[in-house]
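Undergrad: Attaching a single structure in structure tokens format; questions to follow.
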Amino acid sequence: MLGFVFLGCGEMELSLIGLLNAGKNSLTGGYSEDMIPTVNPGFAVCGRGIAVKFLLSYVVDAADHDNLSISKGELHDLLSKPALSGIPLLVLGNKIDKAGALSKQALTDQMDLKSIIDREVCCFMISCKNSTNIDSVIDWLVKHSKSKS
């Protein structure tokens, strides 16, 4: 089952999507050992001069090998919706701090990201727990938004 968070920040509209327990809450609200899966209402990127019209961000648990094929199917089904045609996609491979987490190349292959040719696709490997690459994601969002202005 997909979790979905729609975030409107005035200048930025971001949909944060992924299977339950992929790490959407950790990304939007900060990691906590006590965290239980819920829907989080915000993403702390507002107010940095961002002007993205709409962006899909898909979070994948890179250490959950059992659900990768389900996640891939959900992502590709979502991207087949005509209303989302051409909207840029940011894929976040979360939980790289866990043993057995996929590499960026392995996640790209498992999620069949190279077959997505009708939109811009970017992939980052992150750890919300350790804040690994979160700054890079935010920097990419800022640079991406400025290039679309």
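Undergrad: When Lys95, Lys129 are ordered from fewest to most other Cβ atoms inside 10 Å of their Cβ, what list results? Don't skip to the end; give the middle numbers.
TA: Details: Lys95 24, Lys129 18.
In order of increasing Cβ crowding within 10 Å: Lys129, Lys95.
Undergrad: To continue, here is another question. What ranking do Glu120, Glu74 get, fewest neighbouring Cβ atoms within 10 angstrom at the top?
TA: Neighbour counts put them in this order, fewest first: Glu120, Glu74.
Undergrad: Can you list residues whose amide H is under 5 Å from Ile126's amide H, if they're 5+ apart or on another chain and H is modeled 1.01 Å from N?
TA: Residues meeting the criterion, in which the H sits 1.01 Å from N, are Gly93, Asn94, Lys95, Ile96.
Undergrad: So, one more: Over 10 Å intervals from 0, what percent of Cα-Cα pairs in the range 89-133 sits in each interval?
TA: 28, 52, 18, 2
Undergrad: Please tell me which of these pairs span more than 19 angstrom C-alpha to C-alpha: Lys72/Lys143; Lys81/Lys104; Lys72/Lys129; Lys98/Lys129?
TA: Table pairs above 19 Å Cα-Cα are Lys72/Lys143; Lys81/Lys104; Lys72/Lys129.
Just so you know, all these numbers are worked out from the coordinates, no wet-lab data involved. Please read these numbers as outputs of a predicted model, since none were measured by experiment. With ideal geometry, Cβ positions are generated from the backbone for all residues, glycine too; neighbour counts draw on all protein chains shown.
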